[in-house]
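Everything on this sheet refers to the single structure shown next.
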Amino acid sequence: MTETAAVPTAPLRARAEIDLAALRANVRALRARAKGAALMAVVKSDGYGHGAVPCARAAVDAGATWLGTATPEEALALRAAGLDTRVLCWLWVPGGPWRQAVEADIDVSLSGLWALREVTEAARQAGRPARVQLKADTGLGRNGCQPADWPELVGEALRAERAGLVRVTGLWSHLACADEPGHPSIDAQLARFREMVAYAEEQGVRPEVRHLANSPATLTLPETHFDLVRTGIALYGISPSPELGTPADFGLRPVMTLSASLALVKHVPGGHGVSYGHHYVTPGATTLGLVPVGYADGIPRHASGTGPVLVDGKWRTVAGRVAMDQFVVDLGGDEPEVGAEAVLFGPGDRGEPTAEDWAQACGTIAYEIVTRIGTRVPRVYVNGEQEG
């Protein structure tokens, strides 16, 4: 991914501006929501498309004491960048880089005996204990150990701990419906988590952290906070669910602003087809603006005919199909200059659409909108210095 440290002097084809001051403020707002718990900044999927390393550094500056990744490669990249904060990595497959993770002091999540056996062998080879966290499946049905298998996993982990091969640093699980207020699964999962934690502790596990809360739970379910909250999408200033509230309702600010420079402005007559398939035909004489980003840059093809864009102070809509590298907006006769800014989404301060507006237009969630922005779009980091 191309990274730019400061605002460039020449216009870029496209840019994703990442406001690190907004990210730091979001960390502080989230910490205030969970005052009794430590905060994990989840920077998986290249920081939800924002850039894992710069965002991790900003989050730690603002008080995050843990970082979270999905894959071990993501966790090892943080270590390679010089970040020595505690890191939890939870998505493993057989034959993964267990020894590298052990040697890099990464906490690894275990959901089954196969993983425990692989990490203990890695610990033997490394000559040092592995830091492991046991994940319980309390009802999500993805990763995590089923309640029926929990006693065996706990017992084996304790035996490995007594042998000096592992240190059980955490017990955790993940909520299925925290973004749906009042969903009955929330209370059911919370009760099951308490039971599984209690069992492990009765057997002798002494975890440093017990954690269940994701972004929506951090914002709305204080009973789920325990010792640590894992904040992902909220870290980047996006509400995990419109039903829960807007970012402003939670004191959050979107971190990414996606914009492009108009590549062409031209007059066309009425009845002119636009883009593949001519799904849009101009209703009368008008001007068209060419926005030089497309689905290869992460602009959803589902935004064809619906995606909102701010050009020359007005909301426009994607006219016709989004192509691989470009799409068109109908400017309605306006004539902005070639090179004028087209803002796809941002915080909304200037009247521009937000990532949530794009999600609504595409029938998806804002998580997907920001995460899918591709590597051809440079990340331009602003406000990188900690205030003070």
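Just wondering, is there one or more residues in region 268-291 that are outside any loop (DSSP other than H, G, I, E, B), closer than 30 Å to N26 by Cα, open to solvent by 70 Å² or more (accessible area, probe 1.4 Å) and at pLDDT 95 or above? Working first, answer last.
Step one: filter region 268-291 for residues outside any loop (DSSP other than H, G, I, E, B), giving 268, 273-274, 276-278, 280-281, 286-291.
Remaining after also requiring closer than 30 Å to N26 by Cα: none.
Within region 268-291 (the criterion being outside any loop (DSSP other than H, G, I, E, B), closer than 30 Å to N26 by Cα, open to solvent by 70 Å² or more (accessible area, probe 1.4 Å) and at pLDDT 95 or above), the answer is no, since none of the residues qualifies.
If you go through region 22-59 and keep only what is open to solvent by less than 10 Å² (accessible area, probe 1.4 Å), without any contact (Cβ under 8 Å) to a residue 60 or more places away in the chain and under 11 Å from V229 (Cα atoms), you end up with nothing. Name the single residue that is farthest from M256 (Cα to Cα) among those in region 292-312 being open to solvent by less than 10 Å² (accessible area, probe 1.4 Å) and part of a helix (DSSP H, G or I). Top of the filtered list is A303. Do you know which of the residues in region 234-251 that are touching a residue at least 40 places away in the same chain (Cβ under 8 Å) and assigned to a helix (DSSP H, G or I) is most open to solvent (accessible area, probe 1.4 Å)? So, considering only residues that are touching a residue at least 40 places away in the same chain (Cβ under 8 Å) and assigned to a helix (DSSP H, G or I), the one most open to solvent (accessible area, probe 1.4 Å) is F250.
Residues in region 74-92 that are touching a strand residue (DSSP E or B) at 6+ places or on another chain (Cβ under 9 Å) and either buried (at least 23 other Cβ atoms within 10 Å of the Cβ) or outside any loop (DSSP other than H, G, I, E, B) (or both): E74, A75, L76, A77, L78, R79, R86, V87, L88, C89, W90, W92.
With the structure loaded, tell me whether R316 is charged (D, E, K, R), surrounded by 14 or more Cβ atoms within 10 Å (Cβ to Cβ) and out of contact with any helix residue (DSSP H, G or I) (no Cβ under 9 Å at 6 or more places or on another chain) or whether it fails that test. Here the answer is yes, as R316 does meet what is asked.
Against the condition at negative phi and surrounded by 16 or more Cβ atoms within 10 Å (Cβ to Cβ), how does P254 come out, does it pass? It is true that P254 is at negative phi and surrounded by 16 or more Cβ atoms within 10 Å (Cβ to Cβ). For the residues D349, D334, the requirement of being within 29 Å of A64 (Cβ to Cβ), part of a loop (DSSP other than H, G, I, E, B) and not hydroxyl-bearing (S, T, Y) singles out D349.
So for region 198-208 (the condition being of a type in the set (S, T, N, Q) and touching a Gly at 6+ places or on another chain (Cβ under 8 Å)), does at least one residue qualify?
Of the residues in region 198-208, the ones of a type in the set (S, T, N, Q) are 203.
Filter again for touching a Gly at 6+ places or on another chain (Cβ under 8 Å), leaving 203.
Yes, some residue in region 198-208 is of a type in the set (S, T, N, Q) and touching a Gly at 6+ places or on another chain (Cβ under 8 Å).
Checking region 204-217 against the condition returns no match, with no residue being among the hydrophobic types (A, V, I, L, M, F, W, C), touching a Phe, Trp or Tyr at 6+ places or on another chain (Cβ under 8 Å), assigned to a helix (DSSP H, G or I) and within 26 Å of R86 (Cα to Cα).
Here's the yes/no breakdown for (1) surrounded by fewer than 14 Cβ atoms within 10 Å (Cβ to Cβ); (2) over 20 Å from P151 (Cβ atoms); (3) of a type in the set (G, A, S):
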position	(1), (2), (3)
M196	no, no, no
A200	no, no, yes
Q203	yes, no, no
R206	yes, no, no
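Taken as a whole, the structure leaves T169 outside the set of residues that are of a type in the set (S, T, N, Q), within 20 Å of the chain's Cα centre (by Cα) and either modelled with pLDDT of 95 or more or closer than 19 Å to C89 by Cα (or both).
The values are calculated or read from the model by the stated rules, or taken from the named source; none is laboratory data. Everything quoted here is computed from the prediction, not taken from an experiment. Here Cβ is always computed from backbone atoms with ideal geometry, including for glycine, and neighbour counts include all displayed protein chains. With ligands, DNA and RNA removed, areas are computed over all heavy atoms of the protein, side chains included. Shrake-Rupley method; radii C 1.70, N 1.55, O 1.52, S 1.80 Å.
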